[in-house]
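Below: the structure, in structure tokens.
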Amino acid sequence: MSVQQHAAIVILESIHVLTVNTAGIRSITRDATLGNVSSQGHAVQYSMTGAFDTLAGWVNAIFELDSTPFDDNVAHKVVVEFTAFVQAYSGLMLALIEKHGVLTSARSPLGPDGAIIGEEIAYLQFGIAVFGSWLTGYVPTRVVELAAQEKLAMEAFEKAAAKYPKPNGGEGVKTGARPIKAAGTLRFPEPPK
């Protein structure tokens with residue numbers, strides 16, 4: 001296996017894991033009701049924190065990989081996987097909008113204003129932006145398609161963020177407040193030469 005094939009496997013797997021995690025958070029969010037929100041709210045928050053930590057680990061792993069751009073066939077696969085992730089992410093943001101009343105209710109640990117959700121989704125979107133910027137270097141033949149998906153992710157985030165207050169008194173995510181590098185590092189063995 002070449003270093004470039006190794007990089008492709010790691011990146012495709014990272015996107016797949018992020019998609020599965022995000023779809024899981026979407027399901028947890030959709031399952032929140034006024035009757036279970038005292039526990040389900042914590043599950044939503046911890047799942048989003050975990051998703052950011054996983055995302056940060058993948059970003060750190062990608063940083064360690066060979067940075068040779070992929071051929072168009074592999075670049076296409078990356079964009080297809082990223083598109084599936086954006087669909088799951090958009091679904092999560094929609095679920096957060098739909099469950100706003102539940103997640104900010106009196107019994108919710110995320111209430112009363114949902115600032116905790118605002119903070120978690122801001123960090124998650126920040127991580128996705130960093131991740132997307134790394135992916136851009138690997139898919140030069142598919143940059144326009146990747147950018148279109150990143151735009152869809154940002155639009156979904158903005159709709160959800162409009163329902164939940166911005167963290168830090170409206171200033172948004174402070175650089176370094178939850179740094180990518182400190183959040184987690186995944187190590188992969190070097191591919192065989």
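The values are calculated or read from the model by the stated rules, or taken from the named source; none is laboratory data. It should be emphasised that the depicted structure is a prediction, and the values quoted were computed from it without experimental measurement. Note: ideal-geometry Cβ built from the backbone for every residue, glycine included; neighbour counts use all protein chains shown. Only protein heavy atoms, including side chains, enter the accessible area calculation; ligands, DNA and RNA are left aside. Shrake-Rupley method; radii C 1.70, N 1.55, O 1.52, S 1.80 Å.
Go through the range 11-38 and give me each residue that's touching a Phe, Trp or Tyr at 6+ places or on another chain (Cβ under 8 Å), more than 18 Å from G118 (Cβ to Cβ) and either buried (at least 19 other Cβ atoms within 10 Å of the Cβ) or among the hydroxyl-bearing types (S, T, Y) (or both).
Of everything in the range 11-38, those that are touching a Phe, Trp or Tyr at 6+ places or on another chain (Cβ under 8 Å), more than 18 Å from G118 (Cβ to Cβ) and either buried (at least 19 other Cβ atoms within 10 Å of the Cβ) or among the hydroxyl-bearing types (S, T, Y) (or both) turn out to be I11, S14, I15, L18, T19.
Kindly evaluate G41 against the criterion of being on the phi > 0 side of the Ramachandran plot, crowded, with 19+ Cβ neighbours inside 10 Å and out of contact with any Cys (no Cβ under 7 Å at 6 or more places or on another chain).
no
Find all pairs meeting these conditions: Cβ atoms under 6 angstrom apart; at least six residues apart or on different chains; first residue within the range 94-108 and among the basic types (K, R); second residue assigned to a loop (DSSP other than H, G, I, E, B).
Sorted first by the residue in the range 94-108, then by its partner, the pairs are K99/A32.
Of all residues in the range 71-124 being within 19 Å of V143 (Cα to Cα) and among the polar types (S, T, N, Q), which is surrounded by the fewest Cβ atoms within 10 Å (Cβ to Cβ)?
Out of the qualifying residues, it is N73.
Given the criteria among the small types (G, A, S), open to solvent by less than 60 Å² (accessible area, probe 1.4 Å), under 30 Å from Y164 (Cα atoms) and touching a residue at least 60 places away in the same chain (Cβ under 8 Å), does G57 qualify?
yes
Taking only pairs six or more apart or across chains, which ones have beta-carbon atoms under 8 Å, a first residue in the range 129-158 that is under 21 Å from D72 (Cβ atoms) and of a type in the set (K, R), and a second residue that is open to solvent by less than 50 Å² (accessible area, probe 1.4 Å) and part of a helix (DSSP H, G or I)?
Going by the 8 Å Cβ cut-off, the qualifying pairs are R142/A75; R142/V78; R142/V79.
Only one of S47, S27, S14 is over 20 Å from L94 (Cα atoms), assigned to a helix (DSSP H, G or I) and at pLDDT 90 or above; which?
Within the list S47, S27, S14, the selection yields S14.
Just to be sure before I move on: is S2 of a type in the set (S, T, Y), modelled with pLDDT under 90 and open to solvent by less than 60 Å² (accessible area, probe 1.4 Å) in the structure I sent?
So S2 passes the test.
Return the pair list, or none, for Cβ contacts closer than 6 Å from residues in the range 1-14 that are closer than 14 Å to F82 by Cβ to residues that are of a type in the set (D, E, K, R) and open to solvent by less than 40 Å² (accessible area, probe 1.4 Å), at least 6 apart or on different chains.
Sorted first by the residue in the range 1-14, then by its partner, the list stays empty.
Please go through the range 65-85 and give me each residue that is over 20 Å from T19 (Cβ atoms) and in a helix (DSSP H, G or I), ordered by number.
D72, N73
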